[in-house]
Amino acid sequence: MLIKKSEDIKSSEITSKASYLNRRNFMKGAVLATTATATGFLYRSLTRTSRSSTAADAANQPVQLVSPSGEKLTTLQDITHYNNFYEFSTNKGAVADKSKGFVTHPWTVAVEGLVNRPKVFDIDDLAKLGPPEERIYRLRCVEGWSMVIPWLGFPLAKLLDLVQPNSSAKYVEFTTLYDSARMPNQNTNVLDWPYVEGLRLDEAMHPLAILATGLYGDTLPPQDGAPVRLVVPWKYGFKSIKSIVKIKLADSQPSTTWNMYAPREYGFYSNVNPRVNHPRWSQARERRIGEFGQRDTLLFNGYQDEVASLYDGMDLRVNF
Ligand code: MTE
């Protein structure tokens, strides 16, 4: 967003795809059990175009991973080597390398503010909130590119319910770790640190909003926001704050990093909207990483049926 990169990381076939498929067979029980209780739109199961399902077949045959909507999953290679994580680098292709060895254990997430039962959660306690659900979501960056990512995680509402927001709580603030010894780019003033984000409480409680702890059936890699990050699929990617250490319930709209940086360019809501352009570029179309050409950007990133009612009566051009 600060620095325009024109180069593309080549999408290469990934050897770990077969092991992902194998792992999925082990995980299937747990994942499907969880999702059976979820409504249809929440869980989008992976389907393979290949008919075979043995480990050997998975290893030997080209498989294409698609979501039921027919969209191809972005490769693990691209998801983990084309990243925005300014605490490590402003160069998307360098984040993976710069964040290698980032220590995320021990780790705690303090959930506090206007709640009846504030609590500091150990990252291992979060894992015990239940088996992670797999959620295949589109991620649309405000810069004009997008991916389809199979996350593992749990609804943010699950965590918020545990701490019991009180009646004055209207917003949720999120804060990334601030430790320049571990996140070296925090020694620069490229942004104000720590990275902060926020949601209205009803947005945060929406079943599509998740805290992700993994992707492609494995633990979340550092470059994608380990050990725990927010994923709000109907908003531009910068709302999906990484490596969270604090979640605070508040009665007023929290400050957010990109809005503070350029208030005319990045609003608090930042819902994906092809009809509201960024002051410096159109948001009508996007480039799906790994594909040629461009595709139309969808209102609310394609999650209109699920989330549009959150914004009834609001002018999305004013509340951009
Ligand atoms: N969170 C933190 N703490 N720091 C960041 O620089 N970048 C944001 C978001 N979360 C960012 C962050 C932006 S601009 C995007 S598009 C997504 O993370 C990218 O997530 P990904 O690298 O997993 O695709």
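Of Arg317, Arg287, Arg264, Arg275, all but one fail to be among the basic types (Lys, Arg), closer than 20 Å to Asn83 by Cα and either in a loop (DSSP other than H, G, I, E, B) or touching a residue at least 40 places away in the same chain (Cβ under 8 Å) (or both); the exception is Arg287. The strands (runs of 3 or more DSSP E) located wholly in the range 171-238 that include 1 or more residues which are away from the ligand (no atom under 12 Å from the Cβ), among the β-branched types (Val, Ile, Thr) and in contact with a Pro (Cβ under 7 Å, 6 or more places away or on another chain) occupy 210-215. Within the range 85-97, none of the residues are away from the ligand (no atom under 12 Å from the Cβ) and within 17 Å of the chain's Cα centre (by Cα). Is at least one residue of the range 242-252 touching a residue at least 12 places away in the same chain (Cβ under 8 Å), over 14 Å from the mean Cα position of the chain (by Cα) and within 13 Å of the ligand (Cβ to nearest atom)? Within the range 242-252, one or more residues are touching a residue at least 12 places away in the same chain (Cβ under 8 Å), over 14 Å from the mean Cα position of the chain (by Cα) and within 13 Å of the ligand (Cβ to nearest atom). Pick out the one residue from Asn273, Asn301, Asn277 that is over 16 Å from the mean Cα position of the chain (by Cα) and surrounded by 19 or more Cβ atoms within 10 Å (Cβ to Cβ). Exactly one residue qualifies, and that residue is Asn273. Looking at Leu129, Leu156, Leu139, just one residue is within 16 Å of Ala212 (Cβ to Cβ) and more than 17 Å from the chain's Cα centre (by Cα), and that residue is Leu129. If only residues of the range 138-170 that are small (Gly, Ala, Ser) and more than 29 Å from Asp296 (Cβ to Cβ) are counted, the one that is nearest to the ligand (Cβ to nearest atom) is Ala157.
Filtered by the rule that a residue be closer than 22 Å to Leu160 by Cβ, away from the ligand (no atom under 11 Å from the Cβ) and touching a Lys or Arg at 6+ places or on another chain (Cβ under 8 Å), the range 257-271 gives Tyr269, Asn271. Answer yes or no as to whether Val148 is farther than 18 Å from Ser240 by Cα, out of contact with any helix residue (DSSP H, G or I) (no Cβ under 8 Å at 6 or more places or on another chain), of a type in the set (Val, Ile, Thr) and modelled with pLDDT of 95 or more. Considered against the rule, which asks whether it is farther than 18 Å from Ser240 by Cα, out of contact with any helix residue (DSSP H, G or I) (no Cβ under 8 Å at 6 or more places or on another chain), of a type in the set (Val, Ile, Thr) and modelled with pLDDT of 95 or more, Val148 comes out as no.
The values are calculated or read from the model by the stated rules, or taken from the named source; none is laboratory data. Source: prediction; values computed, not measured. Using ideal geometry, Cβ is built from the backbone for each residue, glycine included, and neighbour counts are taken over all protein chains shown.
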